[in-house]
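Undergrad: Submitted below is the structure of interest, expressed as structure tokens.
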Amino acid sequence: SAVPGQALYPVKRAVEQAQMALTTRQSSRLELEVAFDQRRMLEAETLLHADKIQAVTFAGFLWEDPQQGWFVDLVKLTLTPEQEVMAYTLDGSYVEIKGVVRGEAGVEVSELKLRLYHLDGILENVQAEKWVVSGVTVQIQPSTQVIGEPKKGMRVDLTAVRLKDGQYLALSAKPA
């Protein structure tokens, strides 16, 4: 239950990194990433409610409340004017935030970016609008940059974004 700024927090993160290193199945790795993202979010919320000032990194879905401003899940964000312009283009997207918790005022954001996932695995199923890569279903759209002609059984590298329904959308795909 350690949070950033506490003595045992680096140990907690080292254990998580070891878990990731020992996880070989692509679908299990993605599940771990999502679980760790959720932990980072809960840590940020804990620091907010404890009225702490602490650097944090977390990820979640970006959304705007017209009266209260921008949030990632339940964490209020303080954005620069440039970041606010970017937020409008990323509204509803799964983003990564770096910043400083400023107590109940929320997180003063230093970096806001789209969260990208890298998948590397065997192409198990190829359909026009979706592929299965090592057990993970990935949506393919006309805008997906596909290099070469991926075929079933081929090893591929994909860069994807997470969608609200738990699915992934490939931005690019190429043979490994």
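The values are calculated or read from the model by the stated rules, or taken from the named source; none is laboratory data. Predicted model only: the values in this text are computed from it and were never measured. Quick reminder, even Gly has a Cβ in these numbers, built from the backbone with ideal geometry, and neighbours come from all protein chains shown. To get the accessible areas, we keep the full protein, side chains included, count just its heavy atoms, and leave off ligands, DNA and RNA. Shrake-Rupley method; radii C 1.70, N 1.55, O 1.52, S 1.80 Å.
Undergrad: Quickly run through region 10-31 and pick out the residues that are at pLDDT below 95 and open to solvent by less than 70 Å² (accessible area, probe 1.4 Å).
TA: Across region 10-31, the qualifying residues are Met20, Thr23, Gln26, Ser27, Ser28, Leu30.
Undergrad: I want to confirm something. Restricting to region 77-107 and keeping residues that are among the β-branched types (Val, Ile, Thr) and open to solvent by 80 Å² or more (accessible area, probe 1.4 Å), which single residue is farthest from Ala170 (Cα to Cα)?
TA: Filtering region 77-107 for residues that are among the β-branched types (Val, Ile, Thr) and open to solvent by 80 Å² or more (accessible area, probe 1.4 Å), the one farthest from Ala170 (Cα to Cα) comes out as Val85.
Undergrad: Could you list all residues from region 62-85 that are among the aliphatic types (A, V, I, L, M) and under 17 Å from the mean Cα position of the chain (by Cα)?
TA: Leu62, Val72, Leu74, Val75, Leu77
Undergrad: Which of the residues spanning region 33-49 are over 10 Å from Val75 (Cα atoms) and of a type in the set (A, V, I, L, M, F, W, C)?
TA: Val34, Ala35, Phe36, Leu47
Undergrad: If a residue must be closer than 22 Å to Ala170 by Cβ and among the charged types (D, E, K, R), how many such residues does region 108-127 contain?
TA: Qualifying residue count, region 108-127: 4.
Undergrad: Then there's this: Please return the ranges of helices (runs of 4 or more DSSP H) entirely within region 1-106 where 3 or more residues are among the polar types (S, T, N, Q).
TA: Here the list reads 26-49.
Undergrad: For residues that are of a type in the set (Asp, Glu) and touching a residue at least 12 places away in the same chain (Cβ under 8 Å), tally how many sit in region 138-176.
TA: Residues meeting the conditions: 1.
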